[in-house]
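J.: Would you mind keeping the following structure in view while I ask a few things?
The values are calculated or read from the model by the stated rules, or taken from the named source; none is laboratory data. Here the structure is a predicted model, which means the values were calculated and not measured. Glycine also receives a Cβ, built like all others from the backbone with ideal geometry; neighbour counts cover every protein chain displayed. All accessible areas refer to the heavy atoms of the entire protein, side chains included, with ligands and DNA or RNA removed. Shrake-Rupley method; radii C 1.70, N 1.55, O 1.52, S 1.80 Å.
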Amino acid sequence: LASADASLAPAELRNASGGTSPLTRLTPAQAADLGFLTDEPVVIARVQSVRTPPWILAYLGPHDRRSESRFGAFVDLLGPRLDAAAEVEASRLRWALMQRLMVHDTSTPTAGIADALRELEAFVPCRAGVQVVGAGGRIVLQEGDDRGLAADAPTSDDRLAVRLDDGANYSGVLTLSTLGSRTITAREQHLAAVAVSVLRTWLDAVSSRGL
């Protein structure tokens, strides 16, 4: 946050036990174990958000009941604002994908899917892949990152697979794989769900012409 001295806080918090409310006052030993480089009191709070990764806010310095109340009010307000920002981002992704898909006629679905995957990858730091299987069991579309597309591909924390099935005309999967070994975030899960909803609508139109 603005004016905060980032050098006093750890770059990554592991096993921080801050709850939603009330705020958690750390003992000097707890603060040191987490990596805070200060002799000042430390208060932490976890900001809960449905569509984004959890935030942990830390307040360093002397505090009284009034300052804790103000800090708690800020925490309570931030969660809904993060969700609202996530919805704005989801709307931007939805519109961007629709534009990419609409450029191509439904008779050339491969090009449309390829452009949509590139657009999705511009929103999330992941590699994306899509596979669609027609009613006869034949793969009719496969684009992007092909790891994790196989039915027997192992699942892992760094890979997300979301089904595209319509229940009758086709089945399929959208996958996201992180760059490196980090875990898929709540934000990426939310944006993948948005992408799947757009792709399903588009695939319904394509399948009506025969996949």
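J.: Carbon and sulfur together cover what percent of the accessible area of region 89-133 at a 1.4 Å probe radius?
T.: Details: 1160 of 2070 Å².
The value for region 89-133 is 56 percent carbon and sulfur by accessible area.
J.: Placing +1 at every Lys and Arg Cβ and -1 at every Asp and Glu Cβ, with all other atoms neutral, what dipole size does the chain have around its Cα centre, in debye to the nearest 20? Before the final figure, lay out the partial values.
T.: Values: 21 positive and 25 negative charges, 61 e Å.
Its charge dipole is roughly 300 debye.
J.: Rounded to the nearest 10 Å², what accessible area does L13 have for a 1.4 Å probe in the complete protein model?
T.: 60 Å²
J.: Something else now. Quickly work out the Q189-to-T38 label distance, labels modelled 7 Å from Cα along the C-beta direction, and quote it in nm with one decimal.
T.: Placing both labels 7 Å along Cα→Cβ, they lie 3.1 nm apart.
J.: Can you tell me the 0 to 90 degree angle between the C-alpha axis of helix 65-103 and the longest principal axis of the chain, rounded to 10?
T.: 20 degrees
J.: Under a 5 Å amide H to amide H cut-off, with H placed in plane at 1.01 Å, what residues pair with Y59 once short-range neighbours are removed?
T.: Counting only residues 5 or more places away or on other chains, the set is V43, I44.
J.: Could you order peptides 27-36, 61-70 by the average number of other Cβ atoms within 10 Å of their residues, highest first?
T.: Working: 27-36: 14.9, 61-70: 11.1.
The peptides rank, most packed first, as 27-36, 61-70.
J.: Quick one: if the Förster radius is 35 Å, what FRET efficiency do R163 and W55 give, using the C-beta to C-beta distance and rounding to 0.05?
T.: Values: r = 30 Å, r/R0 = 0.86.
Using R0 = 35 Å, I get an efficiency of 0.70.
J.: Could you work out the Rg to Rh ratio of the chain, with Rh taken as the Kirkwood radius (inverse of the mean 1/r over all Cα pairs)? Before the final figure, lay out the partial values.
T.: On the way: Rg = 22.1 Å, Rh = 19.8 Å.
Here Rg/Rh amounts to 1.12.
J.: If you don't mind, another one. Collect residues whose amide H, placed 1.01 Å from N in the peptide plane, falls under 5 Å from the amide H of V140; neighbours closer than 5 in sequence don't count.
T.: Amide H neighbours of V140: V132, V133, G134.
J.: Working out 0.36 nm times the residue gap between W95 and R182, then minus their Cα-Cα distance, what length gain in nm do you get to one decimal?
T.: Working: separation 87, 0.36 × 87 = 31.32 nm, distance 2.79 nm.
Gain on stretching W95 to R182: 28.5 nm.
J.: Given a 1.4 Å probe and heavy atoms of the protein chains only, how would you sort V42, V162, largest accessible area at the top?
T.: On the way: V42 5, V162 35 Å².
Reading off the accessible areas and sorting them downward yields V162, V42.
J.: Using a Förster distance of 41 angstrom, determine the FRET efficiency expected from the C-beta separation of R138 and M102, and round it to 0.05.
T.: Numbers: r = 26 Å, r/R0 = 0.64.
For R138 and M102, the calculated efficiency is 0.95.
J.: In percent, how large is the relative contact order of the chain, given Cα pairs closer than 8 Å and 6 or more residues apart?
T.: Working: 308 pairs, mean separation 32.1, N = 211.
Result for the chain is 15 percent.
J.: Across region 119-129, in residue order, what do the Karplus-derived ³J(HN,Hα) couplings come to in whole Hz, using 6.51 cos²θ - 1.76 cosθ + 1.60 with θ = phi - 60° and x for Gly and Pro?
T.: 5, 4, 5, 6, 8, 10, x, 9, 9, 10, x
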